[in-house]
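For reference, the structure is listed below as structure tokens.
The values are calculated or read from the model by the stated rules, or taken from the named source; none is laboratory data. It should be emphasised that the depicted structure is a prediction, and the values quoted were computed from it without experimental measurement. In this analysis, Cβ positions are derived from the backbone assuming ideal geometry, glycine residues included, and neighbour counts consider all displayed protein chains. Side chains are part of the model used for accessible areas, which takes the heavy atoms of the whole protein and leaves out ligands, DNA and RNA. Shrake-Rupley method; radii C 1.70, N 1.55, O 1.52, S 1.80 Å.
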Amino acid sequence: MREYDYLPGTELILHQEKDMYHFNSDTAMLGRFMKLKHSDRVLDIGCASGALLLYAGMQKPAALYGIDLFEEVLDSCRKNLELNHMEASLACTDLQHYSPGLQFDAIVCNPPYFRTENPELKNRNPYLAAARHESYLKPEDVFRHVRRLMKSDGRFFLVHRASRMSELILTAAGFGLQAVRIRPVCDSRSEYAKSILMEFRFGQGRETVIEKPVFLD
């Protein structure tokens, strides 16, 4: 018998394969941080089981797209989209070689967080290794290809470690992107922020809005 999870803050259901990446609070917070329009074409970089595509679909954009490194992961994503009566165009590819022949109004990514140089310390599970370690996708790769794939008036939504916020802002600036909206995520009111939600747009000199923190408790 299959077991299902509800995406936090929704009535959407999701089946998560035992050995594949499972969504967490960062995924849920990013899904609820996105602001989409009905005319948007939306790309999820590293769509996994489809949680962020489902959150995006709730806002009724024009079209959903997702990419992932593993065909079996995309099969799981397709099943979850069908389960919730949604559709997306999915491609098995890395970001560096993704060429859909179009540009996107909105891009979202919950990328790998960990710089793990020692291969002995990387997860032996290939799905979890790709999701957690920067071997396949470094921040500079993310921003380089967001610049290539996003429309000039597009929005890029990202979640990452709060400790790397200054690095992300500087890296994004090198590709013509500026953080225009930032929201810290804390485990509780007595804790420092561990995660950071960020919205980037093209151009410099924009005002950056720091939103009230989210407290997970």
Inset, instruction - Mind giving me the FRET efficiency for Ala173 and Glu71? R0 is 35 Å, r the Cβ-Cβ distance, nearest 0.05 is fine. - result: 0.45
Inset, instruction - Could you provide, to the nearest whole Å², the per residue accessible area of the range 1-121 with probe 1.4 Å? - result: 51
Inset, instruction - Rank-order 97-103, 144-150 by packing density, defined as the average count of other C-beta atoms within 10 Å over each peptide's residues, highest first. - result: 144-150, 97-103
Inset, instruction - Please list 50-58, 166-174 highest first by mean number of surrounding beta-carbon atoms within 10 Å per residue. - result: 50-58, 166-174
Inset, instruction - Scan around His160 for amide H atoms under 5 Å from its own, H built in the peptide plane at 1.01 Å from N, and keep only partners 5 or more places away or cross-chain. - result: Ile196
Legend entry - Cβ-based net charge around Phe23, under 13 Å, with every Lys or Arg adding one and every Asp or Glu removing one: -3
Legend entry - Under the Debye formula (equal points on every Cα, no solvent term), log10 I(q)/I(0) of the chain at q = 0.08, 0.15 Å⁻¹: -0.26, -0.99
Inset, instruction - Identify all lysines with a Cα-Cα distance to Lys37 below 27 Å; exclude those on the same chain that are fewer than 8 residues away in sequence. - result: Lys60, Lys79, Lys151, Lys212
Legend entry - Within the accessible area of the range 1-111 (1.4 Å probe), percent carbon and sulfur: 48
